[in-house]
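J.: Here it is: the structure, laid out below.
Computed from the coordinates by the stated procedures, all read-outs in this text should not be read as laboratory data. Since this is a predicted model, take the numbers as computed values, not measurements. Every residue, glycine as well, gets a Cβ built from its backbone with ideal geometry; the counts of neighbours run over all protein chains shown.
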Amino acid sequence: MSYQYGFLVETMVSILLLLTILYCVRLNSQLRRLKADEQSLRATISELITATEIAERAIGGLKSTMREGEQALSVRLDRGEQVSADIEHQLRAGEELLTRLTRIAGAGRPVDETPSVPDAKAVAAAAQAFAERARARMSSQSGSLAA
């Protein structure tokens, strides 16, 4: 009987040893996969760091370009404001001159005389005569250049 107990205990130990070996094989394969995943994760992190550095440099370049554009726009806006102020000043001076000329022209005219409105046909005839004289001058100039 003691022989049977010994055999039973040895069988149980063999079975437990077999189960332990199988568990170790399974655990070893999981550790290999984990190490492979670790390498993959390290490569991904390295790529992410590189991409982040590239993005930081690009952002720095964009900021620099933005500053340059802002400065150029500021200069152009200042120049535009100067030109606008000059134009306003010239317009006021022109209006004042026109007002003075109107007063001068009004002072030389007799009070009872009303300004005459030119006849449209007379204006058209004068414009036609002017255009014909200009064409004649142009044709005589081109003829003298050709000779």
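J.: What area, in nm² and to one decimal, does the C-alpha convex hull of region 8-79 cast on average over all directions? The partial results should precede the final answer.
T.: On the way: hull surface 26.1 nm².
So the mean shadow area of the Cα hull is 6.5 nm².
J.: On full extension of the chain, what length is gained from I54 through F130, given 0.36 nm per residue of separation minus the C-alpha to C-alpha distance? Before the final figure, lay out each step's value.
T.: Values: separation 76, 0.36 × 76 = 27.36 nm, distance 7.17 nm.
Residue separation times 0.36 nm, minus the Cα-Cα distance, leaves 20.2 nm.
J.: Here are a few candidate values for log10 I(q)/I(0) by the Debye sum over Cα atoms at q = 0.12 Å⁻¹: (1) -0.48; (2) -1.00; (3) -0.53. Which one was actually calculated from the structure I just gave you?
T.: For log10 I(q)/I(0) by the Debye sum over Cα atoms at q = 0.12 Å⁻¹, the calculated option is (2).
J.: Still on this structure, please answer the following. Tell me which of L27, V83, A124 sits at the most positive position along the dipole axis of the chain, charges placed on C-beta atoms (Lys, Arg +1; Asp, Glu -1).
T.: The listed residue farthest towards the positive side: L27.
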